[in-house]
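See below for the structure under consideration.
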Amino acid sequence: MLFRTSFLIVAAGVILHVAVLPICVVLIGYVGFASLDKWLAHKRREAVFDYELYGWVVDPEDPDSESKGGLSRVKLLSKEQIVVARVAELLRRMR
């Protein structure tokens with residue numbers, strides 16, 4: 001998508017007879033802000049996954065469940081944990 005938009009910026013600049021310097025400034029600005037946006041989205045996604053994966057404490061009354069704050073969940077068996085980890089990795093790659 002970055003390549004397509006860059007091509008459109010350059011093509012529009014050439015068609016509208018804009019000087020090379022303003023086209024380069026717009027192009028550099030676009031690429032910079034697009035990269036920043038992508039990096040920030042990646043950091044937010046990592047923070048969500050880290051919140052969901054870490055910080056859970058085994059409930060002393062029920063060893064098959066975990067709690068975190070006011071939430072509780074059932075611990076997964078080893079095979080199910082592998083499946084959930086693979087699905088989480090696929091979801092991370094899709095975005």
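Read-outs: derived from the displayed coordinates by stated rules, not from any lab. Values in this document were obtained by computation on a predicted structure and should not be read as measured data. All Cβ positions, even for glycine, are placed from backbone atoms using ideal geometry, and neighbour counts span all protein chains on display.
Results, tabulated for the structure shown:
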| item | result |
| --- | --- |
| Pair Phe33, Val10: separation of 7 Å Cα→Cβ label points (nm) | 2.1 |
| Equivalent-ellipsoid semi-axes of the chain, from the Cα gyration tensor, Å, largest first | 49, 14, 7 |
| Which of Val26, Ala41, Val10, positive extreme of dipole for the chain (C-beta unit charges) | Val10 |
| The chain, helix-only ellipticity at 222 nm - DSSP H runs n ≥ 4, -39,500 (n - 2.57), divided by all residues, nearest 500 | -24000 deg cm²/dmol |
| Tensor-based shape of region 16-63 (alpha-carbon gyration tensor, a/c under 1.5 rounded, otherwise prolate or oblate) | prolate |
| With Cα atoms, 0 to 90° folded angle of helix 20-53 axis to the chain main axis | 0 |
| Potential lengthening between Lys75 and Lys43 on full extension [0.36 nm per residue; Cα-Cα distance subtracted] | 8.9 nm |
| Cα-projected label distance for Met1 with Lys68, points at 7 Å along beta-carbon direction, nm | 2.8 |
| Region 16-89: GluC sites (Glu not before Pro) falling in loop per DSSP and having at most 13 other Cβ within 10 Å | Glu61 |
| Helix axis angle, 78-94 relative to the chain longest principal axis, alpha carbon, degrees | 10 |
| Over region 1-42, equivalent-ellipsoid semi-axes from the Cα gyration tensor in Å | 23, 11, 5 |
